[in-house]
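Notes follow the structure.
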Amino acid sequence: MALTCPGPPSSAWSFPPLPPTRTNASPTSPPPSPSTLPPRTSSYSSLTSCARIFPLPVFMTSGKPFVRKKAIAAILRVFEQYPDAVRVCFKRVVENLETTDVGILSAVVGLFCELAVKEPRSYLPLAPEFYKILVDCRNNWILIKVLKIFAKLAPLEPRLGKRVVEPICEHMGRTGAKSLAFECMMTIVSSMSEYESAVKLAVGKVREFLLDDDPNLKYLGLQALTMVAQKHMWAVLENKELVVKALSDVDVNIKLEALRLVMSMVSEDNVMEICRILISHAQKSDPEFCNEILGYILFTCSRNFYEVICDFDWYVAFLGEMARIPHCQKGKEIETQLIDIGMRVKDARLELVDVARSLVIDPALLGNPFVHGVLAAAAWVSGEYVALSRNPFELVEALLQPRTSLLTPSVRSVYIQSAFKALIFCIWSYGKLNGDDASDPSALTELVAKCHLEGNSETVACESLSDTEVDNANMVIAGGQMSSASSRKYHLTKESLEGLVNLVGTNLGPLAGSDEVEIQERASNVLGFIELMKPELYGHLGHTEGNGMKGKLEASEVVKLMFDVFSEELGPVSLSAQEKVPLPDGLVLKENLSDLEAICSDVKFPLSTSFSLVHSQIMEKDTASSPECKEESGPSTESTSLLAEHRKRHGLYYLPSENKGTTFNDFPPAHEPKDKTIDEAEDLAKLTEESLIIKKKQNQVKPRPVVVKLDDGEGLNVAVEKSKVKTDLISGAVREVLLGNEATTSSSRSKSSNKSSKRREVDRIPESGNDIVNTAISERSNVGSGRRKHQTHLSSGKEKEQHDHKGKQKRDSRHHKHKSRQRADGAMNIPVQSPVIPDFLL
Amino acid sequence: MIRGVIIMNDQGKPRLIRFYEFQPVEKQQELVRSIYKILCSRAENVSNFVKVDSLFGPDVRLVYKTFATLYFVFIFDNSENELAMLDLMQVFVETLDKCFSNVCELDIVFNFNKVHTILDEIILGGQVLETSSSDVVMAVEDISKLEKNSNSIIPSIPGWQGR
């Protein structure tokens, strides 16, 4: 066995050097052992160093076709490691493009295919050769490779595409080989998609593939169709039934391709139908494919701010449906979209709240961990838009049901917060209802009358909405999408309210001692609030009480404040909103940061019995000085106390806050979308209003609801990856060889002026390459007079034997003799002058 | 370019591994295991192509075929035509069949050097050289003849000569 193991360079070649006499042997004699070049991958590095000492180009000029073939195949690796080798032997490689031997041609074309895939532009000058091969050759392998090359070259040169497309179509129609037909198809579809007739033929072939029973062909057909779909959607629509049929194929690959195709077909008109079909498939399939389908649907529908969706009510209901599918693992995405739609699309909020309610009420979902994210979103939505809900009482009951203990703490805290919001809403509505009566008795009777109206599809709350909710109310009234099944009426009476408060108290009582800090904190918040409210609530309900007026007012003021807090609309915030905040005068951002170290060095907060809030002014440097204290009014809970403590210690570094009577730290709920920056709630709200651009879409039967987008891009500004233009050394060298350097060739052109004027482009290319080689060598210091002779000899010899293989072989054999003579001194010179590229071709 | 050729039995034991790009040994073992996992989960009568982007890089696919107890796996990228690869696999197996009459797994186990030779005649450095099984068989026979001749000069090393 002539194969050797990788080792140090010197021992890698265990065969004797190629003696010149061998080349005259007949082609049928056994391949000499040099032909089995060590192909083990790790010896390629040794190959490159060997390439300097005993280069592969030698083999390329060998008489034996199999030697040449292998040399050409191996030369690619040499090029990769040692791009300078291109200059030495590229023209030899190019010469082989004209060979008649199929094996060599196949190897050469394969080599060019590899090179062209990486850097096609450098090989454009060789296009004529490839065209000749395309037209003349009958070997499928070679044709496939040439087609791949043209697929890369055609986009660079439009005229090339025009010339090439006809032979390709011819091949496609004529051939019986599926591989060649497929390759033609792919070439046309990928790089020549502007030629309609060709594309039509290709699509016809694709259809043939799709109809075949062989799963391989079906799969490849679908792949080709995916490529067509980008520019020629009609092709996909034509084959729609086949694609949908493929969705239920046994083969996973085929299913995925079909799914991708189906999603590419999605447009406004058919999105509902397609989703319906896909969901039915999803419910029947295995978990993996089911999740693929869901993933694709979610992605496509949410693309570009829900571009394809016109009917958000349907979509929101659809999201809810998706969340209920047993295998669904896309809870996170559904959660994000629910909240996103809630924020952006006002008109859809009604339906959204409905869907959320159904999700929250269902006790079965609580046990499914995958759905928890969705439940959190549902709870948040219900709390945030509680004004639109049918029955807040039911909602609170659902949010606080004992089975919620199955939820994770973060989700549960959202539940509690939402319940809080709903509670506030109920109390406030009731208070509004009853508070109005003192000033306007007629209003009350009107309200009461409306309250008990049967079949009234408006909520009680609608009537007593504050201004901020008016537009919602108008929308609700005008929406006309009320479910007729259940009226939205609920009785806002003293008893029901009492019951509600009791319910909240009972359910949250045990949670106030919970281990989870978030739950404990929120439960305590709510319980504290209820404690505050209770006396007023029970006393207040008799309107005639006058003594408790003050207390009542305070409590109702509290309620109103809380309600205002929660009625602030949360919308999407652009990333640059923070920058737009104007710096208040006197705020110095950069100074005094050295003090931070003094503070941050001691980690422990000192215990202090008295809480105090920092007065809203910028402090002087001296942080040790006791800041002005202000008594904290309102419910003192643990969270506020910690923050207060922190503020006291580091008051310097807090932005000035509004000097409110009470300081309720309005922390946002836990499940806000991540890109929120909340510094000053009011300023920010104003700014976002300024920066909102509302996009309206016309020409719909039912107007598509407004989707709020921000002007200056909300997504993370992913820096455009500048792919570094890696100078491809190989292509650089190739370009040099093929196109030639004008300045340096001028001198040698005069030498070769006696060449015949009639020459094809083909000849010029190796010629110029030759010139390059010549001139390169002439620049070398190691030029002997003997070499000059060879130069002229070579250049004049070249013109004689244009198409004469045999002549070339003779020449080659003579070159070999020269080489063997020269090799002795050549080998000696290399260690001396490493940058010189040794020229073994002369 | 062909990235690799693997022959493994249906228990996942590799019988021939050839990567045309350098991979450290542990990586090779890992790749073989991952490919085995993928192939196990494929049903019958499905397409023979699998995308292996995660293992080898973008646009790399593999084509596999089951013959008796062996999986033949060819890993290739965009410069190769899928159906042509299937054909090539067929050529490879036919050549093996001709060289060892009615080849079975044991033949490959005990004559791995010859199998490597055959593979080298077909693919060199990731490039396809020969697509006709008769030519390959001829070349392989010539090589073995050479070996026999050279063995008379060089003292024969047991195990080098195919059985």
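The values are calculated or read from the model by the stated rules, or taken from the named source; none is laboratory data. None of these values were measured; they are calculated from a predicted model. Note that we place each Cβ from the backbone using ideal geometry, even for glycine, and neighbour counts take in every protein chain shown. Note: areas computed on protein heavy atoms with side chains; ligands, DNA, RNA excluded. Shrake-Rupley method; radii C 1.70, N 1.55, O 1.52, S 1.80 Å.
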Out of (1) assigned to a loop (DSSP other than H, G, I, E, B); (2) closer than 24 Å to residue A:217 by Cα, the one residue B:38 does not meet is (1)
Hey, any hits in region A:102-118 for a residue that's in a helix (DSSP H, G or I), surrounded by fewer than 19 Cβ atoms within 10 Å (Cβ to Cβ) and of a type in the set (D, E, K, R)?
yes
Apart from one, (1) modelled with pLDDT of 90 or more; (2) within 11 Å of chain A (Cβ to nearest Cβ); (3) surrounded by fewer than 17 Cβ atoms within 10 Å (Cβ to Cβ); (4) over 14 Å from the mean Cα position of the chain (by Cα) all hold for residue B:151; the odd one out is (1)
Within region A:257-278, can one find any residue that is of a type in the set (S, T, N, Q) and either open to solvent by less than 10 Å² (accessible area, probe 1.4 Å) or within 14 Å of another protein chain (Cβ to nearest Cβ) (or both)?
no
In region B:75-91, residue nearest to the other protein chains (Cβ to nearest Cβ) [restricted to those that are closer than 19 Å to residue B:16 by Cβ and surrounded by fewer than 23 Cβ atoms within 10 Å (Cβ to Cβ)]
B:86
Subset of region B:18-56 [within 26 Å of residue A:141 (Cα to Cα), without any contact (Cβ under 8 Å) to a residue 60 or more places away in the chain and open to solvent by less than 50 Å² (accessible area, probe 1.4 Å)]:
B:19, B:46, B:47, B:48, B:49, B:50, B:52, B:56
Cβ-Cβ below 7 Å, separation at least six or inter-chain, first residue in region A:167-186 and polar (S, T, N, Q), second not in a loop (DSSP other than H, G, I, E, B): which pairs?
A:175/A:181; A:179/A:140; A:179/A:144; A:179/B:83; A:179/B:84; A:179/B:87
For residue B:49, indicate whether it is within 30 Å of residue A:112 (Cβ to Cβ) and within 14 Å of chain A (Cβ to nearest Cβ).
yes
In this structure, does residue A:226 turn out to be within 14 Å of another protein chain (Cβ to nearest Cβ), among the polar types (S, T, N, Q) and more than 27 Å from the chain's Cα centre (by Cα)?
no
Condition check: in contact with a helix residue (DSSP H, G or I) (Cβ under 6 Å, 6 or more places away or on another chain), within 14 Å of another protein chain (Cβ to nearest Cβ) and part of a helix (DSSP H, G or I). Does residue A:221 satisfy that?
yes
With respect to residue A:283, is the statement that it is surrounded by fewer than 17 Cβ atoms within 10 Å (Cβ to Cβ), over 26 Å from the mean Cα position of the chain (by Cα) and more than 14 Å from chain B (Cβ to nearest Cβ) true?
yes
Kindly indicate whether residue B:110 is of a type in the set (Phe, Trp, Tyr) and either closer than 20 Å to residue B:4 by Cα or under 14 Å from the mean Cα position of the chain (by Cα) (or both).
no
Among the residues of region A:136-153, which ones are of a type in the set (A, V, I, L, M, F, W, C) and at pLDDT 90 or above?
A:141, A:142, A:143, A:144, A:146, A:147, A:149, A:150, A:151, A:153
Please verify whether residue B:98 is surrounded by fewer than 21 Cβ atoms within 10 Å (Cβ to Cβ), among the basic types (Lys, Arg) and touching a residue at least 12 places away in the same chain (Cβ under 8 Å), treating the condition exactly as stated.
yes
Among the candidates A:132, A:162, A:178, A:205, residue that is out of contact with any Lys or Arg (no Cβ under 7 Å at 6 or more places or on another chain) and within 26 Å of residue A:736 (Cα to Cα)
A:132
Within region B:113-134, the residues that are open to solvent by 30 Å² or more (accessible area, probe 1.4 Å) and more than 8 Å from chain A (Cβ to nearest Cβ) are B:114, B:132, B:134
Name the helices (runs of 4 or more DSSP H) wholly inside region A:133-217 in which the number of residues that are aromatic (Phe, Trp, Tyr) and either within 14 Å of another protein chain (Cβ to nearest Cβ) or under 25 Å from residue A:257 (Cβ atoms) (or both) is 1 or more.
A:140-153, A:178-191, A:196-211
Among the residues of region A:85-101, how many are closer than 15 Å to residue A:115 by Cα and assigned to a loop (DSSP other than H, G, I, E, B)?
0
Of those in region A:382-439 that are more than 15 Å from residue A:356 (Cβ to Cβ), of a type in the set (A, V, I, L, M) and in contact with a Leu (Cβ under 6 Å, 6 or more places away or on another chain), the residue least open to solvent (accessible area, probe 1.4 Å) is A:433
Do we have residue B:144 as surrounded by fewer than 21 Cβ atoms within 10 Å (Cβ to Cβ) and within 11 Å of another protein chain (Cβ to nearest Cβ) here?
yes
Could you grab me the full set of residues in region A:361-381 that are open to solvent by less than 10 Å² (accessible area, probe 1.4 Å) and modelled with pLDDT under 90?
A:366, A:371
Condition check: within 14 Å of another protein chain (Cβ to nearest Cβ) and more than 20 Å from residue A:153 (Cα to Cα). Does residue A:70 satisfy that?
yes
Condition test on residue A:181, is it at pLDDT 90 or above, of a type in the set (Gly, Ala, Ser) and open to solvent by less than 20 Å² (accessible area, probe 1.4 Å)?
yes
